[in-house]
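Asks: Could you have a look at this structure, given as C-alpha coordinates, before my questions?
The values are calculated or read from the model by the stated rules, or taken from the named source; none is laboratory data. Predicted, not measured: the structure shown is a model, and the values here were computed from it. Every residue, glycine as well, gets a Cβ built from its backbone with ideal geometry; the counts of neighbours run over all protein chains shown. The protein model used for the area step is the full one, side chains on, heavy atoms only, and it has no ligands, DNA or RNA in it. Shrake-Rupley method; radii C 1.70, N 1.55, O 1.52, S 1.80 Å.
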Amino acid sequence: MTDNTAPKKSIHEFADKDGQFRRQVSSFRSRVSADPNAEFPAEADRYVLYITLGCPWAHRANLVRSLKGLEDIIQLVVMDYTLTEEGWVYTGVDGTAPCDPLYGFTRHKDLYLKADPSFVGRYTVPVLWDKKRETIVNNESSEIIRMFFTAFDHLLPPERRESAHGFGGYYPEGPLRGQIDELNDWVYNTVNNGVYKTGFASTQEAYENHLYPLFASLDRLEALLKDSAEGGKGPFLFGNHITEADIRLYTTIARFDVGYFTLFKCNLKMIRYEYPHLDKWYRRLYWDDTALTRGAFKKTTNFDHIIKGYAAALKHKTYPRGPIPYILPAPVEEEY
Ligand SMILES: N[C@@H](CCC(=O)N[C@@H](CS)C(=O)NCC(=O)O)C(=O)O
(Lines give C-alpha, C1' and ligand atoms only; values in the text may rest on other atoms or scores of the structure.)
Protein backbone atom coordinates (compact mmCIF):
# COMPACT_ATOMS: atom_id res chain seq x y z
CA MET A 1 0.00 0.00 0.00
CA THR A 2 1.30 3.49 -0.81
CA ASP A 3 1.84 5.72 2.21
CA ASN A 4 0.31 8.96 1.01
CA THR A 5 1.27 10.82 4.15
CA ALA A 6 5.02 10.01 4.04
CA PRO A 7 7.29 12.94 5.06
CA LYS A 8 7.64 15.59 2.38
CA LYS A 9 10.87 16.93 0.94
CA SER A 10 9.84 20.57 1.25
CA ILE A 11 7.59 22.43 3.64
CA HIS A 12 5.94 23.91 0.54
CA GLU A 13 4.94 20.49 -0.75
CA PHE A 14 1.40 20.53 0.58
CA ALA A 15 -0.23 17.67 -1.35
CA ASP A 16 0.34 13.99 -0.57
CA LYS A 17 1.61 11.60 -3.24
CA ASP A 18 -1.90 11.08 -4.62
CA GLY A 19 -2.30 14.82 -5.26
CA GLN A 20 -4.65 15.42 -2.30
CA PHE A 21 -4.05 17.93 0.51
CA ARG A 22 -4.76 16.47 3.97
CA ARG A 23 -4.67 18.80 6.95
CA GLN A 24 -2.61 17.56 9.90
CA VAL A 25 -4.55 16.82 13.10
CA SER A 26 -3.68 19.37 15.82
CA SER A 27 -1.59 17.95 18.67
CA PHE A 28 -2.02 20.20 21.71
CA ARG A 29 -5.58 19.92 22.94
CA SER A 30 -5.75 21.19 26.55
CA ARG A 31 -8.27 23.81 27.65
CA VAL A 32 -8.15 27.06 29.56
CA SER A 33 -10.91 26.93 32.11
CA ALA A 34 -12.76 29.41 34.31
CA ASP A 35 -12.13 27.01 37.22
CA PRO A 36 -9.25 28.54 39.30
CA ASN A 37 -8.05 25.03 40.20
CA ALA A 38 -7.78 23.84 36.60
CA GLU A 39 -4.44 22.98 34.98
CA PHE A 40 -4.83 26.08 32.81
CA PRO A 41 -7.00 28.55 34.75
CA ALA A 42 -8.18 31.70 32.99
CA GLU A 43 -6.03 34.55 34.33
CA ALA A 44 -5.14 37.95 32.91
CA ASP A 45 -1.66 38.27 31.33
CA ARG A 46 -0.92 34.56 31.48
CA TYR A 47 -1.64 33.44 27.91
CA VAL A 48 -0.17 34.47 24.55
CA LEU A 49 -1.78 33.98 21.15
CA TYR A 50 0.74 33.42 18.34
CA ILE A 51 -0.53 34.07 14.84
CA THR A 52 0.19 35.22 11.32
CA LEU A 53 -2.34 37.60 9.78
CA GLY A 54 -2.53 35.61 6.54
CA CYS A 55 -3.85 32.43 8.12
CA PRO A 56 -7.64 32.01 8.31
CA TRP A 57 -7.46 29.62 11.28
CA ALA A 58 -5.32 32.05 13.26
CA HIS A 59 -7.67 34.82 12.15
CA ARG A 60 -10.58 33.06 13.87
CA ALA A 61 -8.75 33.22 17.20
CA ASN A 62 -7.58 36.80 16.70
CA LEU A 63 -11.10 37.84 15.70
CA VAL A 64 -12.74 36.30 18.76
CA ARG A 65 -10.05 37.84 20.99
CA SER A 66 -11.14 41.23 19.60
CA LEU A 67 -14.87 40.55 19.55
CA LYS A 68 -14.77 39.55 23.20
CA GLY A 69 -12.56 42.48 24.18
CA LEU A 70 -9.78 40.22 25.45
CA GLU A 71 -6.97 42.43 24.11
CA ASP A 72 -5.74 43.45 27.57
CA ILE A 73 -6.06 39.93 28.95
CA ILE A 74 -4.44 37.78 26.23
CA GLN A 75 -1.19 38.95 24.63
CA LEU A 76 -0.91 38.80 20.81
CA VAL A 77 2.22 38.00 18.82
CA VAL A 78 2.13 38.43 15.03
CA MET A 79 4.76 36.70 12.89
CA ASP A 80 5.85 37.27 9.29
CA TYR A 81 3.27 36.12 6.71
CA THR A 82 5.86 34.24 4.62
CA LEU A 83 6.06 30.50 5.23
CA THR A 84 9.74 29.56 4.93
CA GLU A 85 11.44 26.15 4.77
CA GLU A 86 11.84 26.56 8.57
CA GLY A 87 8.13 27.26 8.97
CA TRP A 88 6.87 30.60 10.32
CA VAL A 89 9.61 33.04 11.30
CA TYR A 90 10.11 36.47 12.85
CA THR A 91 11.53 39.24 10.67
CA GLY A 92 9.79 42.43 11.78
CA VAL A 93 8.49 43.01 8.24
CA ASP A 94 5.29 45.05 7.75
CA GLY A 95 4.59 45.65 11.43
CA THR A 96 5.21 42.06 12.58
CA ALA A 97 7.26 41.16 15.68
CA PRO A 98 11.06 41.24 15.24
CA CYS A 99 11.45 38.14 17.42
CA ASP A 100 9.54 36.10 19.96
CA PRO A 101 8.96 38.51 22.89
CA LEU A 102 9.19 35.80 25.53
CA TYR A 103 12.29 33.87 24.51
CA GLY A 104 13.87 35.82 21.65
CA PHE A 105 13.25 32.96 19.20
CA THR A 106 13.41 33.80 15.52
CA ARG A 107 11.51 30.66 14.44
CA HIS A 108 8.04 29.56 15.55
CA LYS A 109 9.38 26.00 15.45
CA ASP A 110 11.44 26.72 18.58
CA LEU A 111 8.31 27.41 20.61
CA TYR A 112 6.93 23.99 19.63
CA LEU A 113 10.24 22.37 20.56
CA LYS A 114 10.29 24.19 23.90
CA ALA A 115 6.85 22.73 24.65
CA ASP A 116 7.81 19.28 23.38
CA PRO A 117 11.39 18.58 22.25
CA SER A 118 10.20 15.42 20.51
CA PHE A 119 7.46 17.18 18.49
CA VAL A 120 7.33 16.16 14.85
CA GLY A 121 4.86 17.67 12.46
CA ARG A 122 4.06 21.07 11.05
CA TYR A 123 4.58 24.08 13.28
CA THR A 124 1.19 25.69 12.75
CA VAL A 125 -0.57 28.82 13.91
CA PRO A 126 -2.57 29.65 15.91
CA VAL A 127 -0.84 28.64 19.13
CA LEU A 128 -2.13 29.49 22.59
CA TRP A 129 0.86 29.58 24.95
CA ASP A 130 0.86 29.50 28.76
CA LYS A 131 3.58 31.76 30.20
CA LYS A 132 3.36 30.15 33.65
CA ARG A 133 3.68 26.50 32.66
CA GLU A 134 5.77 27.44 29.61
CA THR A 135 3.92 25.19 27.24
CA ILE A 136 1.39 25.13 24.42
CA VAL A 137 -2.14 24.87 25.74
CA ASN A 138 -3.79 24.36 22.40
CA ASN A 139 -3.08 24.73 18.67
CA GLU A 140 -6.54 24.04 17.28
CA SER A 141 -8.44 27.17 16.32
CA SER A 142 -11.92 25.66 16.68
CA GLU A 143 -11.13 24.89 20.32
CA ILE A 144 -9.30 28.13 21.07
CA ILE A 145 -12.32 30.19 19.99
CA ARG A 146 -14.66 28.16 22.18
CA MET A 147 -12.38 28.88 25.17
CA PHE A 148 -12.37 32.57 24.31
CA PHE A 149 -16.18 32.62 24.13
CA THR A 150 -16.57 31.79 27.82
CA ALA A 151 -13.44 30.90 29.84
CA PHE A 152 -12.35 34.49 30.55
CA ASP A 153 -15.86 35.88 31.09
CA HIS A 154 -15.39 36.48 34.81
CA LEU A 155 -12.62 38.97 33.90
CA LEU A 156 -14.88 40.90 31.50
CA PRO A 157 -17.63 43.48 32.09
CA PRO A 158 -21.06 41.81 32.35
CA GLU A 159 -22.25 42.87 28.88
CA ARG A 160 -19.38 41.01 27.20
CA ARG A 161 -20.09 37.71 28.92
CA GLU A 162 -21.61 34.93 26.83
CA SER A 163 -24.19 34.32 29.56
CA ALA A 164 -25.46 37.92 29.23
CA HIS A 165 -26.61 37.19 25.68
CA GLY A 166 -28.75 34.11 26.35
CA PHE A 167 -29.84 32.70 23.00
CA GLY A 168 -27.98 35.55 21.29
CA GLY A 169 -24.54 34.26 22.30
CA TYR A 170 -21.84 33.10 19.87
CA TYR A 171 -22.42 29.44 20.69
CA PRO A 172 -25.57 29.44 22.79
CA GLU A 173 -26.90 26.45 24.66
CA GLY A 174 -30.18 25.16 23.29
CA PRO A 175 -31.43 24.04 19.88
CA LEU A 176 -29.29 26.50 17.91
CA ARG A 177 -26.10 24.77 19.06
CA GLY A 178 -26.86 21.63 17.04
CA GLN A 179 -27.68 23.73 13.97
CA ILE A 180 -24.41 25.67 14.29
CA ASP A 181 -22.47 22.38 14.59
CA GLU A 182 -24.20 20.97 11.53
CA LEU A 183 -23.48 24.02 9.39
CA ASN A 184 -19.88 24.21 10.65
CA ASP A 185 -19.34 20.64 9.59
CA TRP A 186 -20.17 20.99 5.88
CA VAL A 187 -18.74 24.51 5.72
CA TYR A 188 -15.44 23.24 7.17
CA ASN A 189 -15.16 20.33 4.77
CA THR A 190 -16.16 22.06 1.57
CA VAL A 191 -15.43 25.76 2.16
CA ASN A 192 -12.93 26.56 4.97
CA ASN A 193 -10.75 23.55 4.18
CA GLY A 194 -12.29 23.08 0.73
CA VAL A 195 -10.37 26.06 -0.66
CA TYR A 196 -7.11 24.47 0.55
CA LYS A 197 -7.97 21.06 -0.87
CA THR A 198 -8.65 22.83 -4.18
CA GLY A 199 -5.68 25.20 -4.14
CA PHE A 200 -3.07 22.75 -2.85
CA ALA A 201 -4.18 19.85 -5.10
CA SER A 202 -1.35 18.67 -7.30
CA THR A 203 -3.43 16.73 -9.84
CA GLN A 204 -6.25 18.01 -12.06
CA GLU A 205 -8.54 15.32 -10.69
CA ALA A 206 -7.98 16.30 -7.05
CA TYR A 207 -8.44 19.98 -7.95
CA GLU A 208 -11.76 19.40 -9.68
CA ASN A 209 -12.97 16.97 -7.01
CA HIS A 210 -12.88 19.81 -4.49
CA LEU A 211 -13.64 22.79 -6.73
CA TYR A 212 -17.23 21.84 -7.57
CA PRO A 213 -18.32 20.93 -4.02
CA LEU A 214 -16.82 24.27 -2.87
CA PHE A 215 -19.03 26.24 -5.24
CA ALA A 216 -22.06 24.05 -4.48
CA SER A 217 -21.62 25.02 -0.82
CA LEU A 218 -21.20 28.72 -1.64
CA ASP A 219 -24.47 28.48 -3.62
CA ARG A 220 -26.09 26.87 -0.58
CA LEU A 221 -24.83 29.64 1.73
CA GLU A 222 -26.08 32.28 -0.71
CA ALA A 223 -29.55 30.69 -0.69
CA LEU A 224 -29.52 30.47 3.10
CA LEU A 225 -28.64 34.16 3.53
CA LYS A 226 -31.20 35.19 0.88
CA ASP A 227 -33.96 33.22 2.70
CA SER A 228 -32.93 34.66 6.03
CA ALA A 229 -32.92 38.26 4.74
CA GLU A 230 -36.12 37.95 2.70
CA GLY A 231 -37.92 36.03 5.45
CA GLY A 232 -37.11 38.88 7.85
CA LYS A 233 -35.06 36.57 10.09
CA GLY A 234 -32.00 38.78 10.04
CA PRO A 235 -28.74 39.39 8.22
CA PHE A 236 -26.60 36.65 9.76
CA LEU A 237 -26.44 32.90 9.13
CA PHE A 238 -28.74 32.20 12.06
CA GLY A 239 -30.80 35.37 12.06
CA ASN A 240 -30.24 38.48 14.11
CA HIS A 241 -27.15 37.48 16.07
CA ILE A 242 -23.58 36.82 15.08
CA THR A 243 -22.74 33.22 15.93
CA GLU A 244 -19.69 31.03 15.72
CA ALA A 245 -20.87 29.98 12.25
CA ASP A 246 -20.53 33.59 10.98
CA ILE A 247 -17.08 33.91 12.55
CA ARG A 248 -15.80 30.67 11.00
CA LEU A 249 -17.19 31.48 7.56
CA TYR A 250 -15.98 35.11 7.62
CA THR A 251 -12.27 34.32 7.69
CA THR A 252 -12.60 32.26 4.49
CA ILE A 253 -14.84 34.73 2.65
CA ALA A 254 -12.47 37.62 3.48
CA ARG A 255 -9.73 35.70 1.62
CA PHE A 256 -11.86 34.56 -1.28
CA ASP A 257 -11.78 37.21 -4.02
CA VAL A 258 -8.29 38.43 -3.07
CA GLY A 259 -6.60 35.08 -2.49
CA TYR A 260 -8.50 31.91 -3.27
CA PHE A 261 -9.98 33.17 -6.55
CA THR A 262 -6.67 34.43 -7.88
CA LEU A 263 -4.06 32.15 -6.30
CA PHE A 264 -5.90 28.92 -5.42
CA LYS A 265 -7.81 28.78 -8.74
CA CYS A 266 -11.17 28.79 -6.94
CA ASN A 267 -12.38 30.85 -9.85
CA LEU A 268 -15.79 29.71 -11.08
CA LYS A 269 -17.39 32.77 -9.47
CA MET A 270 -16.35 35.80 -7.40
CA ILE A 271 -18.11 36.64 -4.15
CA ARG A 272 -18.52 40.32 -5.03
CA TYR A 273 -20.14 39.76 -8.43
CA GLU A 274 -21.97 36.46 -8.22
CA TYR A 275 -22.98 36.07 -4.58
CA PRO A 276 -24.85 39.29 -3.65
CA HIS A 277 -26.22 38.06 -0.33
CA LEU A 278 -22.97 36.51 0.79
CA ASP A 279 -21.13 39.66 -0.21
CA LYS A 280 -23.56 41.89 1.66
CA TRP A 281 -23.24 39.69 4.77
CA TYR A 282 -19.43 39.91 4.46
CA ARG A 283 -19.34 43.68 3.93
CA ARG A 284 -21.73 44.25 6.83
CA LEU A 285 -19.42 42.35 9.18
CA TYR A 286 -16.21 43.92 7.89
CA TRP A 287 -17.40 47.53 8.05
CA ASP A 288 -19.35 47.27 11.29
CA ASP A 289 -18.04 49.56 13.99
CA THR A 290 -21.04 49.58 16.31
CA ALA A 291 -21.08 48.20 19.84
CA LEU A 292 -21.96 44.83 18.29
CA THR A 293 -18.39 44.20 17.08
CA ARG A 294 -16.40 47.36 17.95
CA GLY A 295 -14.74 47.06 14.51
CA ALA A 296 -13.28 43.62 15.28
CA PHE A 297 -13.72 42.20 11.77
CA LYS A 298 -11.96 45.06 9.97
CA LYS A 299 -9.30 45.43 12.66
CA THR A 300 -8.22 41.81 12.34
CA THR A 301 -8.38 41.55 8.52
CA ASN A 302 -5.10 42.42 6.78
CA PHE A 303 -5.47 42.00 3.00
CA ASP A 304 -1.81 42.78 2.36
CA HIS A 305 -0.57 39.96 4.60
CA ILE A 306 -3.22 37.60 3.20
CA ILE A 307 -2.27 38.15 -0.44
CA LYS A 308 1.48 38.15 0.10
CA GLY A 309 1.21 35.13 2.41
CA TYR A 310 -0.64 32.95 -0.07
CA ALA A 311 1.59 33.99 -2.96
CA ALA A 312 4.66 33.08 -0.86
CA ALA A 313 3.17 29.74 0.25
CA LEU A 314 2.79 28.82 -3.43
CA LYS A 315 6.35 30.06 -4.10
CA HIS A 316 5.19 32.71 -6.55
CA LYS A 317 7.72 35.43 -7.23
CA THR A 318 4.99 38.07 -7.56
CA TYR A 319 1.71 38.69 -5.79
CA PRO A 320 -1.56 39.87 -7.35
CA ARG A 321 -2.46 43.59 -7.07
CA GLY A 322 -6.17 43.07 -7.70
CA PRO A 323 -9.00 42.95 -7.33
CA ILE A 324 -9.23 46.65 -6.45
CA PRO A 325 -10.70 47.53 -4.04
CA TYR A 326 -10.01 44.47 -1.90
CA ILE A 327 -13.50 44.81 -0.46
CA LEU A 328 -16.48 46.81 -1.73
CA PRO A 329 -17.87 49.62 0.46
CA ALA A 330 -20.27 49.11 3.35
CA PRO A 331 -23.78 48.19 2.24
CA VAL A 332 -26.25 51.11 2.28
CA GLU A 333 -29.63 50.82 4.02
CA GLU A 334 -31.60 50.32 0.75
CA GLU A 335 -29.59 47.17 0.11
CA TYR A 336 -31.02 45.52 3.22
N1 LIG B 1 -6.25 22.81 12.51
C2 LIG B 1 -5.48 23.94 12.64
C3 LIG B 1 -4.89 24.31 11.29
C4 LIG B 1 -3.92 25.43 11.39
C5 LIG B 1 -3.05 25.56 10.12
O6 LIG B 1 -3.01 24.67 9.27
N7 LIG B 1 -2.34 26.71 10.00
C8 LIG B 1 -1.46 26.92 8.86
C9 LIG B 1 -1.52 28.35 8.36
S10 LIG B 1 -2.98 28.74 7.50
C11 LIG B 1 -0.01 26.74 9.29
O12 LIG B 1 0.39 27.22 10.32
N13 LIG B 1 0.79 26.09 8.45
C14 LIG B 1 2.19 25.92 8.66
C15 LIG B 1 2.68 24.73 7.91
O16 LIG B 1 1.87 24.05 7.28
O17 LIG B 1 3.89 24.48 7.96
C18 LIG B 1 -6.35 25.03 13.21
O19 LIG B 1 -7.48 25.22 12.74
O20 LIG B 1 -5.92 25.67 14.15
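Asks: Roll a 1.4 Å probe over the protein chains and send me the accessible area per residue for the chain in Å².
Replies: Per residue, the chain has 44 Å² of solvent-accessible surface.
Asks: Report, in listed order, any pair from 68/315; 109/298; 109/132; 17/315; 114/299; 17/265 with a Cα-Cα distance greater than 24 Å.
Replies: 68/315; 109/298; 114/299
Asks: Quick one: ranking 68, 9, 132 by accessible area, 1.4 Å probe, largest first, what do you get?
Replies: 9, 132, 68
Asks: Where the Cα atoms of the chain are projected onto their three principal axes, how long is each span, largest first, in whole Å?
Replies: 55, 52, 42
Asks: Among 53-59, 194-200, 11-17, how do they line up by average Cβ neighbours within 10 Å per residue, starting with the highest?
Replies: Going from most to least packed, we get 53-59, 194-200, 11-17.
Asks: Also: So what are the ³J(HN,Hα) numbers for region 209-220, from phi and the Karplus equation (6.51, -1.76, 1.60; θ = phi - 60°), rounded to whole Hz, Gly and Pro as x?
Replies: Here the 3J(HN,Hα) series is 4, 9, 5, 5, x, 4, 6, 4, 6, 5, 4, 5 Hz.
Asks: Follow-up. Can you give the Rg and Dmax of region 116-170 based on its C-alpha atoms, in angstrom?
Replies: In Å, with Rg to one decimal and Dmax whole: 14.7, 44.
Asks: Would you please give the residues with an amide H less than 5 Å from that of residue 21, counting only those at least 5 places away or on a separate chain, with H modeled from the backbone geometry?
Replies: Distant-sequence amide H within range of residue 21: 16.
Asks: Then there is this: Ignoring ligands and nucleic acids, what accessible area does residue 205 show with a 1.4 Å probe (Å², nearest 10)?
Replies: 140
Asks: Now for a different question. Top mean-square fluctuation among 83, 292, 218, Gaussian network model of the chain, C-alpha springs under 10 Å?
Replies: 292
Asks: Using modelled amide H (1.01 Å from N, peptide plane; none on Pro or chain starts), what sits under 5 Å from the amide H of residue 33, excluding residues fewer than 5 places away?
Replies: Hits under the 5 Å cutoff: 40, 42.
Asks: Here's something else I'd like to know. Quick one: what does P(r) look like for region 151-283 with 10 Å bins over all Cα pairs, in whole %?
Replies: Calculated P(r), rounded to whole percents: 12, 39, 30, 16, 4, 0.
Asks: Amide H of residue 137 versus every other amide H placed in the peptide plane: which residues, excluding those fewer than 5 positions away on the same chain, fall under 5 Å?
Replies: Amide H neighbours of residue 137, under 5 Å, 5+ apart: 128, 129, 130.
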